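The block underneath contains the structure these notes are about, expressed in C-alpha cells.
Please treat every number below as a calculation from the coordinates, not as lab data. These numbers come from a predicted model, not from an experiment. Counting neighbours? That spans all protein chains shown, and the Cβs are built from the backbone with ideal geometry, glycine included.
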Amino acid sequence: MVMAEAIAETLDSLVADSTDHHYSPYTRFDWVDELAEEQWWMTPELLTIAGTKWATELDEATRMRLSKWESINFFSVNIHGIRELLIEVTRRIHTPGFELPSEFFHRFLGEENGHMWFFAQFCQRYGKRIYPDKMLPVGDSGSDTELASFLVFARILIFEELVDHFNIRMGRDTTLHPLIREINQVHHDDEWRHIVMGRKMVEHLFQPLRERDDAELRARLDDYVQRYIAASVQSLYNPGVYRDAGIPESYTFRNELLQDPARLRYHDMFFSRITKFLINQGIISASPFAVAAGDGGTR
Amino acid sequence: MIERVRSWLLARNPGVSDISLDEDIIDGRLIDSIAFPELVLFLEELAGRELSLTRETVVALRTLRGIRDTVLAAPHQAAAHD
C-alpha cells in the first residue's frame, strides 16, 4: 500500500502546524480547587434530555447536577476512546503500509496522550471518578488486515467528529466555567488536525476495499459503520450519570430518552459532518438517524 | 431471568431460532463489540447492580450459563446501585 502524494502534502502541513502549536498539557491549565455543583458544566442543548419533556420537567438544580455528571461522562468516554486509538495507532506506526503517516502518528500519539491526561485530571479532581468502559475489546474483522485498518481509522474518525461537535459548542459557550470552556477549546484546537488526517486515512484505506467489488462486504461495512455511529451516541446515555444526578429508575430513564423521537434531530446534528463525508465516499448509504429510534434505543 | 437474556439476543439475531446455554455468543457472532455495551447495560438492569468488567466477568459473559450462574447470580461481586 503506497500513500498518495496528496496525502503526503497534507501530512507535512499538519506536522508543521502541530509543531507551531505545541504545548505541554501538564502546565496548560490552571486547575481550580473545586467547581461548584450548581452551575452549567455542559451546554444545556448538549444534554441527553435536550428536546424532551425532561428539559422542562426537571428542576434547574437537577439539570445542573445532570450537566455535571454528563460532563464527567463525556470526558470518560473520551478517555476510553483515546485508549483504543492509542493502542491501534501504536500497533501500526512504522509498520509496512504506514511509513508515510508515521511522522504524523508521533504527533498524534503525543497529543492524544496529553488529551487523555487532562480529561482524566478533570474527572478525578471534580467528579472523583472516571465512568467505566463497557466495551469488549474483540476484533470484528477476523484476519483481514486491510479491513481491520479501515475499521480502526473509521472508528477513530467517527469518535473524533462526535467529540469535536461538543468541543466546538462548549468552547464557545460563555455560560460555562472558563476551565471547562478552555479544556474543550484546547481539545478542538488539536482535534481538527486529527480529523483532517483521519478523513484522508479513511478515504485511502477504503480504496482497496472498494476495488474488491464485493457487494456483500460493502453491505456489511455499511451496516457496521452505521451501527458504530449509533453506538457512539448511545455511550452518552449512561445510567450511572442519571443515578449520580439523583434521577430514579436510571435504566428506564435512559431507554425512554433513547426512544424519544425528539432526540433523533440532535443525533443527526452531532454527526452531520461525518455522515455527509461517509455517504459521499460510498461507505454508508444513509445516516443511521434517518430511520427509527427503536431497537431498545439502538439508534 | 435468563430467558429474558435469550430473548434479547434472539431479537437481535433474526436468523437464529435458539441459543443453547453453553454456546459462545461472541465466537458465534450473536453479539459483536458494537452491541456489547448494550448487552452489559441490559444485564445490569436485570441484575439490579452495576457490573464490573473484570477478566472473570468477561469470560462469564460469553455464554448464557455463565451469565445465569455468575453475572445474574452474584450481587456481592459488584457495587450495589439503585
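Quick notes on this one:
- Residues that are within 17 Å of the chain's Cα centre (by Cα) and either within 14 Å of chain B (Cβ to nearest Cβ) or farther than 30 Å from residue A:9 by Cα (or both) were ranked within the range A:198-229; the one that is surrounded by the most Cβ atoms within 10 Å (Cβ to Cβ) is A:229.
- Candidates A:99, A:88, filtered to the one that is in contact (Cβ under 8 Å) with a residue 60 or more places away in the chain and in a helix (DSSP H, G or I): A:88
- Residue among A:61, A:55, A:50, A:120 that alone is outside any helix (DSSP H, G or I) and of a type outside the set (S, T, N, Q): A:50
- Residue count for the range B:10-24, restricted to those that are at the interface with chain A (Cβ under 9 Å from one of its Cβ atoms) and assigned to a helix (DSSP H, G or I): 1.
- Picking from residues in the range B:25-71 that are β-branched (Val, Ile, Thr) and part of a loop (DSSP other than H, G, I, E, B), the one that is farthest from the other protein chains (Cβ to nearest Cβ) is B:63.
- Of the residues A:31, A:40, the single one that is in a loop (DSSP other than H, G, I, E, B) and surrounded by fewer than 15 Cβ atoms within 10 Å (Cβ to Cβ) is A:31.
- Of all residues in the range B:34-59, those being among the hydroxyl-bearing types (Ser, Thr, Tyr) and surrounded by 17 or more Cβ atoms within 10 Å (Cβ to Cβ) number 1.
- Boolean, residue A:181 is surrounded by fewer than 19 Cβ atoms within 10 Å (Cβ to Cβ) and under 23 Å from residue A:60 (Cα atoms): yes
- Residue in the range A:136-147 that is closer than 30 Å to residue A:244 by Cα, away from chain B (no Cβ under 14 Å) and assigned to a helix (DSSP H, G or I) present: no
- If you go through the range A:51-76 and keep only what is closer than 22 Å to residue A:164 by Cβ and aliphatic (A, V, I, L, M), you end up with just A:72.
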